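Single-structure report; data block below.
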DNA sequence: TTGTAAGCGTTATCAT
DNA sequence: ATGATAACGCTTACAA
């Protein structure tokens, strides 16, 4: 059980009595090999348990291997998991392998993963940037022809392909839905204001208010970047003198927190629309109305953009927006007070 | 913006007027380089944007690179995402990079990923096997000293390290909890009977019944491998002549489905214990009592087992069981009809 | 149809 | 402290 050297092409060649090049021909399916030689080579490969060394091959062939690096902020978040699934599915037919790493939402983690991936000479890079990261350093990479696509959030300090949800329009729709059901005091509970998605969704919120001629009241805006904070935020909002009658929760953690908070306060009659769907949304009481994103489609679009670049598409950087969808289930249709 | 050749050690060396070997020394922090030379090399590296090529390095150094391959059945399942997060966190200090690929719960997907990873000469392999896969072919790999660890489900046809939840004991605890609250007609809704986790949890269910002297009734056992099936199963169980007064849902999909089914039937007074926690378990009405797994700990244990092997641990294959935890929230304490 | 020589980017070994 | 040379496992280009 000690470390046995792995069989190489030369080992196989020696076994058969040919040259490594002949084995290489068999492995790569070149047709200039006699049927008999091919058979003997295949037998020897089987016997020795030969597995071609992709690293050596790629080094010789093009310095780039067939791996795509994906950096996400958090492996445990099903949103990113589903995005990754969409990417994988779209790349599989092409024989591309996905390497996923998690930045833990830190610029340092992202930087370190980037450099690991680059040292590994990935074919392309897919990045969901951490909140505070900067992407100037990737400019040089772009110069070498490495396709880079950003997902969910755009890069800072770099122009490149990007796939995002229709955050602003989606939020506008969700808030307009609440307005259509008679609400005028609508709270916004979102992520940290530095985050791209929070800013976009906030704009959508203001768009909807403006369209309806409802004055903006900054006291109705709260930050709740995790469940606890969101639950606390909703408690504050409802305790105020001129309280909100409806809440727009701008991400899934916020939505979960608001649901929790309302349940504890026994205030389930407060209207609520969440951004991003939740697995149990349907079973809640009331069932949760949401603006659903399409993480799978985001991944698919990013993979397609990337493969087009690999195929030589040299057009200028594109930004693809994936539409959202309002799913009406109950909580968003509750009337005011 | 066309394909620019990437700077190599020789390029840097030429720029400085030294040999590639000297640059290599600087890159690897060997101390036999004069301070002045080192400074000039570092400057040249910066200027040319040099990034060492890990593939070439690994090829020369040991044929193995510092990548660990992980195969999971489904990227979108947060259980596996969290497992992956636990692995990554445990490996990061050691500079190991995780490559994740999804088998889509098929033997073929698993086989193809395995061979990709092997061709890539990963340092080690982590596998959550697909339901119907076989692992004889990995025997040869084990022979070459490649550490292989299975997670969540044991291998078939191969003896190797393995990390699983305490499925049987956890299920026993959950069912005993229902019994302690007066139930004697307890339904079991689980995955497909071929799945290891289903079989183990089913054993735990029977253990609990046996301990309490409750006769086993096979009519109370249903298969619900997705939400819809589980919802249908619970409807059948409650419509029977001597209906169940409590349900043990042996995985998260089954639990979600049962919650859904009970809600639709307006039968939320039926007691329920789920296996595996759900994000919104606390907000359901009634809140969901579960036997929680610890996916992060599963990942961590697997990574540690693996790193011990990399450090030369040659002891025989171990199976690590990660304990589960009963979280009491309400649904499991409801009394019988 | 098969072989030879050279080289991908790096490092081990032995010199200097 | 630095360099020359060979080698890792494979493929390209050319030759036989």
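The values are calculated or read from the model by the stated rules, or taken from the named source; none is laboratory data. Not measured: the values here are computed from a predicted model. Note: ideal-geometry Cβ built from the backbone for every residue, glycine included; neighbour counts use all protein chains shown.
Consider residue A:60 carefully, then state whether it is without any contact (Cβ under 8 Å) to a residue 24 or more places away in the chain and either away from DNA strand C (no atom under 16 Å from the Cβ) or more than 17 Å from the chain's Cα centre (by Cα) (or both). Walk me through how you get there before you give the answer.
Numbers: without any contact (Cβ under 8 Å) to a residue 24 or more places away in the chain: yes; either away from DNA strand C (no atom under 16 Å from the Cβ) or more than 17 Å from the chain's Cα centre (by Cα) (or both): yes.
So residue A:60 fits the description; yes.
Scan (1) more than 30 Å from residue B:147 (Cβ to Cβ); (2) surrounded by 16 or more Cβ atoms within 10 Å (Cβ to Cβ); (3) within 8 Å of DNA strand D (Cβ to nearest atom) for the single condition residue B:56 breaks and write down its number.
Going through the list (1) more than 30 Å from residue B:147 (Cβ to Cβ); (2) surrounded by 16 or more Cβ atoms within 10 Å (Cβ to Cβ); (3) within 8 Å of DNA strand D (Cβ to nearest atom), residue B:56 breaks only (1).
If I ask for residues that are facing chain B (nearest Cβ under 7 Å) and either modelled with pLDDT of 90 or more or surrounded by 23 or more Cβ atoms within 10 Å (Cβ to Cβ) (or both), which ones from region A:63-77 would you list?
Across region A:63-77, the qualifying residue is only A:75.
Checking residue B:50 against (1) in contact with a helix residue (DSSP H, G or I) (Cβ under 6 Å, 6 or more places away or on another chain); (2) more than 9 Å from DNA strand C (Cβ to nearest atom): exactly one of these is not met. Which one?
Only one criterion is unmet by residue B:50, namely (2).
For region B:221-241, check the following and say yes or no: at least one residue is surrounded by fewer than 22 Cβ atoms within 10 Å (Cβ to Cβ), assigned to a loop (DSSP other than H, G, I, E, B) and modelled with pLDDT of 95 or more.
No, because not a single residue in region B:221-241 is surrounded by fewer than 22 Cβ atoms within 10 Å (Cβ to Cβ), assigned to a loop (DSSP other than H, G, I, E, B) and modelled with pLDDT of 95 or more.
Of all residues in region A:187-220, count the ones that are within 22 Å of residue A:154 (Cα to Cα) and in a helix (DSSP H, G or I).
Within region A:187-220, residues that are within 22 Å of residue A:154 (Cα to Cα) and in a helix (DSSP H, G or I) number 12.
For residue B:285, indicate whether it is in contact (Cβ under 8 Å) with a residue 60 or more places away in the chain, on the phi < 0 side of the Ramachandran plot and surrounded by fewer than 23 Cβ atoms within 10 Å (Cβ to Cβ).
On the way: in contact (Cβ under 8 Å) with a residue 60 or more places away in the chain: no; on the phi < 0 side of the Ramachandran plot: yes; surrounded by fewer than 23 Cβ atoms within 10 Å (Cβ to Cβ): yes.
When the stated conditions are applied, residue B:285 does not pass them.
Out of all the residues in region A:1-46, which are within 14 Å of chain B (Cβ to nearest Cβ) and free of Cβ contacts under 8 Å to residues at least 24 places away in the same chain?
Answer for region A:1-46, where residues must be within 14 Å of chain B (Cβ to nearest Cβ) and free of Cβ contacts under 8 Å to residues at least 24 places away in the same chain: A:1, A:2, A:3, A:4, A:5, A:10, A:28, A:46.
Which residue is farthest from residue A:122 (Cα to Cα), if the candidates are limited to region B:120-132 and must be crowded, with 18+ Cβ neighbours inside 10 Å and more than 16 Å from the chain's Cα centre (by Cα)?
B:123
Against the conditions (1) assigned to a helix (DSSP H, G or I); (2) closer than 25 Å to residue B:79 by Cβ, where does residue B:277 fall short? Just the number, please.
Against the list (1) assigned to a helix (DSSP H, G or I); (2) closer than 25 Å to residue B:79 by Cβ, residue B:277 comes up short only on (1).
Of all residues being within 12 Å of DNA strand C (Cβ to nearest atom) and surrounded by 16 or more Cβ atoms within 10 Å (Cβ to Cβ) in region B:18-40, which is modelled with the lowest pLDDT? Just the residue, please.
Just the residues of region B:18-40 that are within 12 Å of DNA strand C (Cβ to nearest atom), to begin with: B:18-30, B:32.
From the residues that got through so far, the ones that are surrounded by 16 or more Cβ atoms within 10 Å (Cβ to Cβ) too are B:18, B:22-27.
Numbers: B:18: 91, B:22: 92, B:23: 91, B:24: 91, B:25: 91, B:26: 91, B:27: 87.
Once the filter is applied, the top-ranked residue is B:27.
Could you tell me which of the residues B:109, B:95, B:85 is surrounded by fewer than 23 Cβ atoms within 10 Å (Cβ to Cβ), closer than 22 Å to residue A:50 by Cα and facing chain A (nearest Cβ under 9 Å)? Reasoning before the result, please.
Values: B:95 fails: closer than 22 Å to residue A:50 by Cα; B:85 fails: closer than 22 Å to residue A:50 by Cα.
Testing whether each residue is surrounded by fewer than 23 Cβ atoms within 10 Å (Cβ to Cβ), closer than 22 Å to residue A:50 by Cα and facing chain A (nearest Cβ under 9 Å) leaves just B:109.
Is it the case that some residue within region B:308-318 is assigned to a helix (DSSP H, G or I), within 20 Å of residue B:153 (Cβ to Cβ) and modelled with pLDDT under 95?
Kept after step one, since they are assigned to a helix (DSSP H, G or I), are these residues of region B:308-318: B:308-310.
Keeping just the survivors that are within 20 Å of residue B:153 (Cβ to Cβ) gives B:309.
Applying the additional criterion that residues be modelled with pLDDT under 95 yields B:309.
Yes, some residue in region B:308-318 is assigned to a helix (DSSP H, G or I), within 20 Å of residue B:153 (Cβ to Cβ) and modelled with pLDDT under 95.
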